[in-house]
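Inspection log for the structure reproduced underneath, given as structure tokens.
The values are calculated or read from the model by the stated rules, or taken from the named source; none is laboratory data. Note that the coordinates shown come from a computational prediction; the quantities given were computed from them, not determined experimentally. Using ideal geometry, Cβ is built from the backbone for each residue, glycine included, and neighbour counts are taken over all protein chains shown.
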Amino acid sequence: MSKVALVVDDSMIIRKMVSQTLVKLGFEVIDAPDGMAGLEAATGKELALIITDYNMPRMNGLELIKELRALPGHKFTPVVFLTTEMEERLRNEARAAGATAWIVKPFHPDKVVAVVQKLAA
Amino acid sequence: MSEINIDMDGLLEMFFEEAEEHLTAFENGLLELEDAPGNLEVVARIFRAAHSIKGASGTFGLTEVTRFTHALETVLDRLRAGSLAYSRELAQVFLPSVDVLRGLVRAAREGTAAPPEAAQIRLALEAFVHTVPVTTTSTEPVAVKSGARDVIVRVLPKLEFMSRGMDPLAILRDLADFGEIVSRDVDATSVPELDVLDPEQMHLSFRIGLRTEKTDAEIAEVFAFVDDLCAFKIEEVAVPVRAAATEIEPAPVEPGPVTVKDAANSAKNPGAPAGTIRVSTEKVDKLLDLVSEIVIAQAMIVDATRDRGNEAETRLNEALLSLDRHTRELQERVMSIRMVPLASVFGRLPRMVRDLASAVGKKVRLVVEGEGTEIDKSMVEQLSDPLTHLVRNAVDHGLEFPEDRIKKGKPEEGIVRIRAFHQGGNVIIEVSDDGKGLDTAQIRDKAERLGFVSPEAVLTSEQIHDFIFHAGFSTAAKVTDVSGRGVGMDVVKRNVEALKGSLSLSTQLGSGTAMRLRLPLTLAIVDGLAVRVGRQTFVVPLLSVLESFRPSPAQVRGVLGTSEVIDMRGTSVPMVRLHELMSEPDAERDPSRALLCIVEANGTNLALLVDDVIGQAQFVVKSLEVNYRKVNYLMGATILGDGRVAMIIDVQSLARNTPRAGAITDVSALASHSASEAA
């Protein structure tokens with residue numbers, strides 16, 4: 001069975017980088033450029049992991065997490081929140097909204113590997 | 001730690017492209033903001049652009065870009081939150097900041113110098129965050145009470161200022177608390193050259209125009225904590241210091257390379273770049289495609305009306321000739337849109353040469369000529385690697401060490417010269433050095449030891465020099481970590497040949513070597529020789545063709561292994577029966593009644609057996625991959641004047657791997673299609 005991961009970020013670079021990393025970790029990856037599209041992609045789908053950015057058009061990452069947790073299928077899906085050092089105050093908000101882990105931007109793909117492996121363990 | 005291997009270089013290239021898009025969005029957003037200063041949606045959009053660039057730039061370690069976008073982002077964040085209002089002063093920093101950021105991204109991409117005004121603009125941005133109190137969000141200048149005076153505070157930190165843990169910005173911030181900052185200048189003139197710069201040392205000094213009620217003694221308090229590390233001077237000015245609106249002036253630094261000039265130009269005229277528009281490559285490609293179709297259609301008309309000799313048709317022919325001229329010109333002009341100057345490739349070289357020279361302990365002067373020479377955009381990227389390698393080689397292997405040069409009576413400093421120019425529909429790039437030149441005897445010696453040639457063979461020095469392009473040949477006495485990266489001249493040659501170009505060299509022992517790259521202007525059109533095999537026509541790229549002739553029966557030698565060979569002036573050339581390769585039954589099978597077309601690629605000669613040579617012309621290359629699928633031994637297809645499809649032979653892949661008979665069966669069906677069906 002193949003694990004599916006969803007990557008939500010408005011930066012193509014970050015999407016690609018995270019996706020490539022996840023693919024190497026054995027995930028099948030779908031991606032979305034903003035929270036709204038991410039929510040659509042996640043709805044009704046079984047996901048092993050969601051990685052989302054905070055600052056995106058249409059719907060930000062925090063709102064996305066809240067919406068996701070309200071969906072029956074994604075109450076417990078691990079969600080990794082990407083923030084910058086500037087948005088530190090957001091971490092608590094993200095945790096309250098239901099984020100499982102976070103990665104501070106900028107980050108190296110190795111960081112994604114470490115976090116994902118920790119979540120999977 | 002992990003075995004995860006991510007193609008960071010590929011992502012970096014993607015980052016640069018994405019950054020360009022963000023910069024455009026940023027710039028457009030700023031212009032929108034001019035008209036609607038309160039539009040928070042636009043502010044959010046601009047913020048995201050800066051935010052995205054910052055996030056990704058940090059991942060790639062582009063510190064300068066990260067720092068600058070961080071400053072931008074901080075100001076935009078305040079703007080978004082409403083704790084800072086959009087003002088004319090802010091606009092005056094924002095607009096040049098786009099150019100600076102663009103310059104920084106370009107500097108990171110091409111390894112050139114950063115725009116000199118970057119630090120100044122960044123300070124100006126930071127000043128907005130630190131000096132504007134939350135309460136003063138109006139666009140009016142901060143009210144200054146009576147009794148205020150204008151002073152210039154010169155802040156002159158000592159070299160060890162930062163290494164002792166002090167932050168120069170803290171001083172500027174403190175000063176800002178004393179009143180209104182009306183001007184700020186950074187003096188960067190004493191910043192040393194990059195290679196001797198110690199980043200922990202402080203080389204900047206500041207000149208702050210302050211409108212304040214404080215006394216000199218009160219201002220001096222700011223420096224109490226750092227008095228042994230920072231000199232200062234307070235001067236009263238009679239007339240008010242310059243208005244804030246004009247504060248952004250180029251920093252007093254010498255103008256750097258091209259990127260800087262660009263930034264300066266567009267800063268003067270923001271929003272209206274000098275007569276250029278951004279067009280996607282796809283649009284240009286489509287246009288070129290269409291023009292190619294017109295060229296073909298035009299050729300079909302000429303073909304259909306040729307040799308009728310009818311009086312009335314003479315006029316038609318004249319009209320056609322004129323159409324021919326105009327379509328050719330149209331084609332050339334559309335193609336020229338895709339052309340970009342080589343400067344973008346050359347731009348990275350000076351830095352590389354300087355680093356390399358200091359790494360190996362040589363003195364090198366790089367002379368670049370003809371960087372304005374234009375070449376197809378798609379080739380520029382693929383040109384970077386081979387060119388870098390040639391220049392690397394020239395520095396590492398070509399030039400002697402300074403002491404050896406002096407012994408030989410040469411100037412201590414070696415010269416590596418890159419020269420680009422157009423010559424007869426080709427672009428020539430020469431990389432030459434005034435170093436030791438190739439040692440013919442040494443190369444021959446090595447070639448014999450490697451078994452490339454027998455000791456008895458009689459070779460010209462050109463033939464001997466050609467051995468350096470053979471795989472597995474490296475004359476460097478020891479492999480240095482500079483050039484010896486497992487990439488030899490054979491790879492350079494292959495890269496160049498992939499671009500349908502050729503590589504040759506001339507050398508003189510003791511006085512230097514010149515490598516000469518000859519490249520077509522574009523890959524969209526190929527100069528080719530049309531040949532007939534049975535009922536089919538094929539095109540052989542002219543660059544590979546050495547000669548064609550009809551062999552005598554004696555020249556055709558039996559079987560060597562499994563393949564036939566042609567005896568050409570004493571050397572054996574493998575023969576490729578195109579009719580067998582392409583499964584064409586109606587072709588002449590006897591070489592002595594057909595023709596041989598001798599082609600060369602990767603240092604190998606091949607004799608292609610064809611029925612007839614039709615003639616030479618320019619052919620518009622249609623990608624098989626895009627329109628059909630990749631087919632071995634074919635580099636594309638073209639449409640002939642009579643509307644038939646002809647395949648273009650990929651000589652390189654033939655030479656790499658001489659194919660078996662019947663290797664290609666599916667294109668004969670494709671080739672019998674008419675142009676309209678194929679399109």
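Please tell me if B:Gly29 is crowded, with 20+ Cβ neighbours inside 10 Å and farther than 23 Å from A:Leu82 by Cα.
yes
Residues A:Gly35, A:Gly61, A:Gly98: which one is without any contact (Cβ under 8 Å) to a residue 60 or more places away in the chain and farther than 16 Å from A:Arg15 by Cα?
A:Gly98
Of these, B:Leu40, B:Leu62, B:Leu79, B:Leu84, which one is more than 11 Å from every other protein chain (Cβ to nearest Cβ) and farther than 19 Å from B:Ala124 by Cβ?
Going through B:Leu40, B:Leu62, B:Leu79, B:Leu84 in turn, the sole match is B:Leu40.
Check segment A:14-25 and report whether any residue there is away from every other protein chain (no Cβ under 12 Å), without any contact (Cβ under 8 Å) to a residue 60 or more places away in the chain and of a type in the set (Gly, Ala, Ser).
Checking segment A:14-25: not a single residue is away from every other protein chain (no Cβ under 12 Å), without any contact (Cβ under 8 Å) to a residue 60 or more places away in the chain and of a type in the set (Gly, Ala, Ser).
Quick check on my filter: what residues within segment B:420-447 are in contact with a helix residue (DSSP H, G or I) (Cβ under 6 Å, 6 or more places away or on another chain) and under 20 Å from B:Thr388 (Cα atoms)?
Matches in segment B:420-447: B:Val431, B:Asp433, B:Gly435, B:Leu438.
For B:Ala44, indicate whether it is touching a residue at least 12 places away in the same chain (Cβ under 8 Å) and under 26 Å from B:Ala107 (Cα atoms).
Answer is no for this residue.
Being within 12 Å of chain A (Cβ to nearest Cβ), part of a helix (DSSP H, G or I), charged (D, E, K, R) and within 25 Å of the chain's Cα centre (by Cα): is that true of B:Glu27 here?
no
Cβ contacts < 9 Å: first residue more than 9 Å from every other protein chain (Cβ to nearest Cβ) and in contact (Cβ under 8 Å) with a residue 40 or more places away in the chain, restricted to segment B:8-22; second residue charged (D, E, K, R) and part of a helix (DSSP H, G or I), any location; separation 6+ or different chain. Result?
Listed pairs, sorted by first residue: B:Phe16/B:Arg106; B:Phe16/B:Arg109; B:Glu20/B:Arg102.
Taking into account only those residues within segment A:1-28 that are in a loop (DSSP other than H, G, I, E, B) and in contact with a Ser or Thr (Cβ under 8 Å, 6 or more places away or on another chain), which is nearest to A:Ile103 (Cα to Cα)?
For segment A:1-28, the residue satisfying everything is A:Asp9.
From the list B:Lys500, B:Lys493, which residue is crowded, with 20+ Cβ neighbours inside 10 Å, touching a residue at least 60 places away in the same chain (Cβ under 8 Å) and charged (D, E, K, R)?
One residue alone meets the criteria, B:Lys493.
Does B:Asp262 satisfy the criteria of being of a type in the set (D, E, K, R), touching a Lys or Arg at 6+ places or on another chain (Cβ under 9 Å) and modelled with pLDDT under 75?
yes
Of everything in segment B:43-58, what is surrounded by 20 or more Cβ atoms within 10 Å (Cβ to Cβ) and more than 26 Å from B:Met8 (Cβ to Cβ)? Give them in sequence order.
B:Val43, B:Ile46, B:Phe47
When segment A:1-13 is examined, which residues are found to be buried (at least 20 other Cβ atoms within 10 Å of the Cβ) and either among the small types (Gly, Ala, Ser) or more than 13 Å from every other protein chain (Cβ to nearest Cβ) (or both)?
Across segment A:1-13, the qualifying residues are A:Ala5, A:Leu6, A:Val7, A:Val8, A:Ser11.
Just the residues that are within 22 Å of B:Arg348 (Cβ to Cβ) and surrounded by fewer than 24 Cβ atoms within 10 Å (Cβ to Cβ), please, taken from segment B:66-98.
B:Thr66
Among the listed residues B:Ser57, B:Ser52, identify the single one that is in contact (Cβ under 8 Å) with a residue 40 or more places away in the chain, within 8 Å of chain A (Cβ to nearest Cβ) and under 30 Å from B:Val380 (Cα atoms).
Going through B:Ser57, B:Ser52 in turn, the sole match is B:Ser57.
Would you call B:Ser83 assigned to a loop (DSSP other than H, G, I, E, B) and not aliphatic (A, V, I, L, M)?
Criteria met by B:Ser83.
For segment B:86-113, name all the residues that are touching a residue at least 60 places away in the same chain (Cβ under 8 Å), touching a Leu at 6+ places or on another chain (Cβ under 9 Å) and part of a loop (DSSP other than H, G, I, E, B).
B:Gly111, B:Ala113
Check B:Gly61, B:Gly38 and return the single one that is at pLDDT below 85, loosely packed, with under 15 Cβ neighbours inside 10 Å and at positive phi.
B:Gly61
Could you please let me know if B:Arg67 is within 8 Å of another protein chain (Cβ to nearest Cβ) and without any contact (Cβ under 8 Å) to a residue 60 or more places away in the chain?
So B:Arg67 does not fit the description; no.
So B:Glu381 clears everything in (1) under 17 Å from the mean Cα position of the chain (by Cα); (2) within 30 Å of B:Met335 (Cβ to Cβ); (3) touching a residue at least 60 places away in the same chain (Cβ under 8 Å) except one condition, right? Which one?
(3)
Return the residue satisfying two criteria in turn: it lies in segment B:114-148 and is buried (at least 20 other Cβ atoms within 10 Å of the Cβ) and outside any helix (DSSP H, G or I), and of such residues it is modelled with the lowest pLDDT.
B:Val132
Residue-wise test of (1) in a loop (DSSP other than H, G, I, E, B); (2) modelled with pLDDT of 85 or more.
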| position | (1), (2) |
| --- | --- |
| B:Gly558 | no, no |
| B:Ala587 | yes, yes |
| B:Ala607 | no, yes |
| B:Val613 | no, yes |
| B:Glu625 | no, no |
